Each structure stands twice: as C-alpha cells, then as structure tokens.
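The values are calculated or read from the model by the stated rules, or taken from the named source; none is laboratory data. In this text the structure is predicted, and so the values were computed from the model without any measurement. Heads up, the Cβs are rebuilt from the backbone with ideal geometry, glycines too, and the neighbour counts pull from every protein chain shown. With ligands, DNA and RNA removed, areas are computed over all heavy atoms of the protein, side chains included. Shrake-Rupley method; radii C 1.70, N 1.55, O 1.52, S 1.80 Å.
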Amino acid sequence: MKTLTLLAAAALAALVPARAADGDDYPRRPVKLIIPNAPGSSNDVLTRILAQYLGQELGQNVVVENDAGASGQVGMEMAKNAAPDGYTLLAASPSATTIAPNLRKLTYDPLSDFEYISMYAVLPNLLVVNPALPVKTLPELIAYVRSAKGDVFMASAGPGSQSHLGGVMLQQMGKFSSVHVPYKGGGPQVLAVMSGEAQWTITPASSVIGHTRTGKLRAIAHSLPHRSAQLADIPTVAETLPGYSFSAWNGLMAPKGTPAPILNKVRAALAKALAKPEVKEGFARQGAETAIDTPEEFRRTVAAELETTAALIKATNLKVE
C-alpha cells in the first residue's frame, strides 16, 4: 500500500511541470509586462492601452512596470533574467533592441536572449517643420535647405536616437545637409522646432501629432511605406524618396526558454485584444497602427533593422562604447 502511494505521488509530481509546460492552466496569476522606457514615452502609452485588453483575453491582470534605466537596458536585462514561465513579458521597442546594441556592449543579445511573440504596433515618425518655414512638402524642404544662405537646423532627441538616425537617413537619401542639434530628450527637441530654434525634425508621431493639429507644427511627411488613415492626407517620405522606411514599433517578447504553448496562448490573446475597436482607436489617437505578425517575421524584422541601424550609426561617426 505504501509503495502504491509513493508511486501515485511520483506520477502526480511528474504531471505538474507537464501541465505548466503545455500552458493549459496558464495564467493562474497576474502577468508582469516590463516596459524598458520611461512613463509617457510612446512605448509606455501604447502598451498601457493594450495591457488592459490583453489582460481581459488572458483572464488575468497584466501589470505594467516601467524599468527605464540606462536607455532601456535595465528593463531588457530584467526581462532576460526573469523566470521563463510566462509571468514576465517584455514590451520591446527599437531604442533598446536595435539601437543600443549598435552603440555599446550589452549584457543581452536581442536576437538570442528572448523568445519572440509578435509586434503589436507600428508608430510612424512624423517629419515636421516650424510653421514659419516656407515649405509645405518634402521636396520643398529639400530645395529650401539646399538653397539656404545660412544654416538650417535639424533637432533630435540626442545622438543615436530614432529622430537622429531617421534624420540622417532622410538627408542621405535626399542628398541634402542640415546641422544636427541634439537635445536631451524628445520634449526639448519638439519645443526647439516649435520655437524656431531648430527648423525641422522627424520624430515619433505620438510626440508631435497634437501640435500639428493645433498649428504649432506643420507635418509634411511620415515614415510608413504606405499612406495611413491615422495621418489623414499626409504623404509618405517614400513618395519623394523611394525606399525610405524608418518607423518605430512595439512588440511582445518573453524570457528565453518560455514554453511554446504559453507563447502561443499569449499571441492568441494579443491578436484578440488588437482586434478590439478600443485598442485600434486608442492607437490611432497616437498616430499608430495595430500590427500582428509571426514570431519568425518579428525576429527577421529586428535582425534586418540591426543591420540598417549599424550602417546609419557608422555614417554619423558616433562613438561606439
């Protein structure tokens, strides 16, 4: 009798990890979603819109946690070292995933240290100018800069930022040159163009779209490869410079080793959440579009962007730490 009891206990113990691995009872408690960006950033705003509805589809609260130190490296490291059980997810974006690895040595590898689930948002960069500038289109901006008798200033959120690299690509492809003026973050960068201290910038739509609606900035193009309903009649940069594409994105990752059934369950819940009108409308208010792809497609996008970013950083002569 004692032998049978021990055998039964052993069999039950063997079933527990199997159930956990197949995801049948996942999730049994709240899920933590790490944002490696500061509160109020585009990644933060879009992820918080999504988290509520993702939680509804999973049947548990999704608790958002901002870990923004060292340009996102702190949050990436925390996600990398978390238990691979599905209870820690990562809201990834280019800053710590494709830009930082090209600027300094890191303790994580964005391609090999995480499981990829899916993108969930694409956020175009918006090319804006000071309203006093006598240009209303990208061709007019290029012509204006080329013919300017004095310096024309391009503002950015800092060396190596999306706005810096997106502006470098724009100038390379458009064959024109502006003086780069780096600011300490997106806020000061936008204020500089609004005040006329700088003449133009290309930056995440969420940080400037409100100012374009009030006339404090003029939007003349965006970085998506196609026209966007969220951006009304604003043309794409690619209509003037074919092949230009430099937009921000947000995507879900998990610690390496998270079981596939759990990842699949999260992705299925994500797809349902993104289909909700509330999420689509919330993203649209930020100038963003919902997105869903396969883990393989997501990984390929990051791999390709790592290469593109490396070339842009090389062109800027930025010091790599």
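Contact map, the stretch 44-55: first residue closer than 10 Å to ALA121 by Cβ, second residue β-branched (Val, Ile, Thr) and not in a helix (DSSP H, G or I), Cβ cut-off under 8 Å, separation 6 or more or different chains; pairs are THR47/ILE35; THR47/VAL64.
For the stretch 172-203, filtered to residues that are part of a loop (DSSP other than H, G, I, E, B) and in contact (Cβ under 8 Å) with a residue 60 or more places away in the chain, the residue that is farthest from THR236 (Cα to Cα) is GLY196. Across the stretch 24-43, the number of residues qualifying as open to solvent by 10 Å² or more (accessible area, probe 1.4 Å) and closer than 24 Å to ILE99 by Cβ comes to 6.
For the stretch 55-92, residues that are at pLDDT 95 or above, open to solvent by less than 30 Å² (accessible area, probe 1.4 Å) and in a loop (DSSP other than H, G, I, E, B) total 3. All of ALA275, ALA291 fail the test of being without any contact (Cβ under 8 Å) to a residue 40 or more places away in the chain, among the small types (Gly, Ala, Ser) and more than 30 Å from LYS175 (Cβ to Cβ), apart from ALA275.
Figure legend. Inter-residue proximity from the stretch 301-321: first residues of a type in the set (D, E, K, R), second residues open to solvent by 30 Å² or more (accessible area, probe 1.4 Å), beta-carbon distance below 6 Å, spacing 6+ or different chains. Indicated pairs: GLU321/ARG104.
The set of residues from the stretch 23-40 being under 30 Å from the mean Cα position of the chain (by Cα), over 21 Å from GLN73 (Cα atoms) and at pLDDT below 90 comprises just one member, GLY23. All of PRO277, PRO259 fail the test of being over 16 Å from the mean Cα position of the chain (by Cα), buried (at least 18 other Cβ atoms within 10 Å of the Cβ) and of a type outside the set (D, E, K, R), apart from PRO259. Scan the stretch 280-314 for residues that are of a type in the set (A, V, I, L, M, F, W, C), closer than 21 Å to ILE99 by Cα and open to solvent by 50 Å² or more (accessible area, probe 1.4 Å) and jot them down. Selection gives ALA304, ALA311. Considering every residue within the stretch 218-226, establish whether at least one is out of contact with any Pro (no Cβ under 6 Å at 6 or more places or on another chain), of a type in the set (A, V, I, L, M, F, W, C) and modelled with pLDDT of 95 or more. Yes: the stretch 218-226 contains one or more residues that are out of contact with any Pro (no Cβ under 6 Å at 6 or more places or on another chain), of a type in the set (A, V, I, L, M, F, W, C) and modelled with pLDDT of 95 or more. Of the numbered criteria (1) more than 19 Å from PRO134 (Cα to Cα); (2) assigned to a helix (DSSP H, G or I); (3) of a type in the set (Ser, Thr, Tyr), the one THR212 fails is (1).
Residues in the stretch 219-236 that are closer than 15 Å to VAL122 by Cβ, in a strand (DSSP E or B) and not polar (S, T, N, Q): 1 in all.
Step by step: first the residues of the stretch 93-123, then only those that are part of a loop (DSSP other than H, G, I, E, B) and in contact (Cβ under 8 Å) with a residue 40 or more places away in the chain, then the one that is surrounded by the most Cβ atoms within 10 Å (Cβ to Cβ). Which residue is that? My answer is SER93. Could you tell me whether SER206 is under 29 Å from PRO101 (Cβ atoms), assigned to a helix (DSSP H, G or I) and touching a residue at least 60 places away in the same chain (Cβ under 8 Å)? Answer is yes for this residue. From the set of residues in the stretch 190-211 that are polar (S, T, N, Q) and either at pLDDT below 95 or within 17 Å of ILE142 (Cβ to Cβ) (or both), which is farthest from the chain's Cα centre (by Cα)? Taking the candidates together, the pick is GLN199. Would you mind stating whether ASN43 is at pLDDT below 95 and in contact with an Asp or Glu (Cβ under 6 Å, 6 or more places away or on another chain)? No, not satisfied.
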